[in-house]
Every structure is written in structure tokens, then in C-alpha cells.
1. Please go through the range 105-148 and pick out each residue that is of a type in the set (A, V, I, L, M, F, W, C) and at pLDDT below 95.
2. Quick check, is GLY23 under 27 Å from CYS298 (Cβ atoms), crowded, with 18+ Cβ neighbours inside 10 Å and more than 14 Å from the ligand (Cβ to nearest atom)?
3. Any residue that is at pLDDT below 95, under 16 Å from ALA72 (Cα atoms) and surrounded by fewer than 18 Cβ atoms within 10 Å (Cβ to Cβ) - is there at least one of those in the range 236-250?
4. What number of residues within the range 279-304 are out of contact with any Leu (no Cβ under 9 Å at 6 or more places or on another chain), within 23 Å of GLN193 (Cβ to Cβ) and assigned to a helix (DSSP H, G or I)?
5. Quick check on my filter: what residues within the range 132-161 are near the ligand (Cβ under 9 Å from one of its atoms), over 20 Å from ASN122 (Cβ atoms) and outside any helix (DSSP H, G or I)?
6. Right, ALA253: out of contact with any Pro (no Cβ under 7 Å at 6 or more places or on another chain), surrounded by fewer than 16 Cβ atoms within 10 Å (Cβ to Cβ) and modelled with pLDDT under 95 or not?
7. Within the range 105-131, work out how many residues are within 25 Å of PRO66 (Cα to Cα), touching a Lys or Arg at 6+ places or on another chain (Cβ under 9 Å) and not in a loop (DSSP other than H, G, I, E, B).
8. Please count how many residues of the range 162-192 are modelled with pLDDT under 95 and within 11 Å of the ligand (Cβ to nearest atom).
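The values are calculated or read from the model by the stated rules, or taken from the named source; none is laboratory data. The structure displayed is predicted, hence computed values, not measured ones. FYI the Cβ positions are ideal-geometry reconstructions off the backbone, even for glycines, and counts take in every protein chain you see.
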Amino acid sequence: MKNTGCSGSRPTLLLIGSNGQVGWELRRTLAGIGDVVAASIEGECGPVIDLMDPDALARLISETKPDAVINAAAYTAVDKAEADREIAQRINADAVGEMGALLAKTGTPIIHYSTDFVFSGNLNRAYTEDDTPDPLNVYGETKLGGERALLESGAKALVFRTSWVYGARGANFLLTMLRLFKEREELRVVDDQIGSPTWSRMLAEMTSMVLYRVLHGDLDLDQVGGLYNLTGAGQVSWCGFASAILEASGLDARLIPIPSTEYQAPAMRPMYSVLDNSLFQETFGLSMPDWRLSLTQCLEELKR
Ligand SMILES: NC(=O)c1ccc[n+]([C@@H]2O[C@H](COP(=O)([O-])OP(=O)(O)OC[C@H]3O[C@@H](n4cnc5c(N)ncnc54)[C@H](OP(=O)(O)O)[C@@H]3O)[C@@H](O)[C@H]2O)c1
């Protein structure tokens, strides 16, 4: 490691995908533990990085010489991915493997995110890290490819599998519902898919707390590196989530629960994709709040 907070100088943290909903929150939380190089495809607040270009990734890493890399970039358009397999494969899988191979050479730690959509949702209990993935769609397949490529690359890596991410910024269910509640009197929302809503800010805070301990030598990724589930606690259907948003927002609309069969979308989605967070809690001594609490806090923040 080039330098850490322990030696007096601040570590350089290369954040890839800094304009996404998780990336945007990470910009703030990571700034508390190091100097953030906020790379994004637009290059608004730092260097430009397009993961479609393998040379650009190698260049960025060699120029910034990071003490750690946090990859929040991904091809996240689940339905569009069905027709865009090659692009999703490049960004979600191949580029992540290349990142791992580059960082393995220098022993630089990397934190990366994956998804509950690596599972089909056919179990009737929360998925653990030991369950065998069986994705239903291209997004899930390519994200699974990325997890595997990174973990096999020899890099010191943490992969956090998360789900149903929302926040004050970006394209997400919370902001879509808030907009639709104002535009429509009645909304039909799928009620038979169950998952765990996760506030992007909590994900960013957990990431920063774990990374702080890695950078300070308190956690050794040779021992605790690998795959961890990390989602908001609890579970709910999309319609239940919409109902909680409606109630907490004080807006007025009528929600009509519908089965998945009445919601036509190009990509199939798991019916039950709750992830068991026990391994993360036991390993790092941290736990995510219940999804309802995070939702209330996020809405308070939006009102402010
Ligand atoms: N959103 C969810 O519900 C969810 C659920 C489970 C797991 N995850 C995972 O959590 C992580 C963060 O997701 P998020 O919700 O923050 O996603 P997001 O808001 O869609 O952000 C992803 C970012 O990646 C960037 N990106 C896309 N293509 C790129 C490329 N070729 N080169 C560089 N950057 C590129 C996007 O830029 P543009 O916007 O400019 O394209 C965007 O800023 C991802 O690994 C995702 O798979 C998300």
C-alpha cells in the first residue's frame, strides 16, 4: 500500500462509476477516509472512464496509483440488457475481471457490487453466499460473470451482493413512485415479487466503514476477502414497498396489487430474492437497518 491514514497521509481511493446512485453516495462517505478520485463516464468531477475500453481502465489505474478501488459502475438497465448482451457482458463481467487482474499485480484492494438477480428466486428462504446462482436474465448472468471473474483474478477483493437499490438520486423505484403518485390517481404494482429495498447511502456507509478497516490493516482481505450479501434488513413486495412510500410521503394515490404475469417486461425477474446478511454481520460486526427505517430517513432527506 502506498500510504494510509495511519502513516499520516491520506489514501487515494479510485471510485469508478461515481455518478450512479451508489457511486454518488460513495463520493461523500469515502471522502471521510481518503482522497477520492471520482471517475465516471461523463468525467464531471474527475477523470473520464469508459469500461468499454480496456486500455482506458489500465491507463486510469496506472495514472492514479490507487490504494484501493471501489467499482460502482455497471450496466444496470435490466430490461435493455436482454437485447444488449455484448455491452452488458463487457461492462459487468469482462471489465471487472480485467480490473481484478490489474489490481492483483499490485495487491491493491477492490470493492465491487453484485446483485440478487444472480438467483432465480425459486427458494423459499433467504439466499446465502453458498447457494448456487441460477440467473433468469442477461443482467444477472453478466453480473454473475463479473463476481466470478473478480474473485478468480487473484485480487484482494470484496464483492457485496445487494438488491432493490434506491436513493435520492438516479433511476430508482422510490423516485419513480413519488413521480407517479403525483401524476396518476391509480397505480398497478407487482405484489408477488419479494425482496429487500436497500438505501444507496447505507450501502455506501457500510462500504466505507469496511474499507477504512482494510486500509488501516485491521482487516486482512487474504482472510476475509470474498463474497458477502449486503442488503437492507427485512423483506417486502414491490407493492408493499410502494405502499410504504405512499404512506411516508403523505401523497395520495390508489395502489392496485397485480401478479407478475400482468406486468410484461423483456427480462424475467426472481419471485423471491431476499439475501441472508448474516455472514457480513458476523465478519464485520456491522448490520444494515430495516428497510422501513432507511426509507423514512431517505424521504426526510428528500424533503429537506
Ligand atoms: N440499482 C439496483 O437496484 C441494484 C440492485 C442490485 C445490485 N446493484 C449493483 O449495485 C451497483 C451500483 O448500482 P447503481 O444502482 O448505483 O447503478 P446506476 O445508478 O445505474 O449507476 C451505474 C453507473 O455506471 C456507469 N456506467 C455505465 N456504463 C459505464 C461504462 N461503460 N463505463 C463507465 N461507467 C459506466 C453509469 O453511467 P451512466 O449513468 O452515465 O450510464 C452509472 O453512473 C452495480 O454494481 C449494480 O449492478 C444495483
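1. Selection gives LEU123 alone.
2. No: the conditions fail for GLY23.
3. Taking every residue of the range 236-250 in turn, none turns out to be at pLDDT below 95, under 16 Å from ALA72 (Cα atoms) and surrounded by fewer than 18 Cβ atoms within 10 Å (Cβ to Cβ).
4. 5
5. Selection gives PHE160 alone.
6. Judged against the criteria, ALA253 is not a match.
7. Going through the range 105-131 one residue at a time, the tally reaches 4.
8. Adding up the residues that qualify gives 3.
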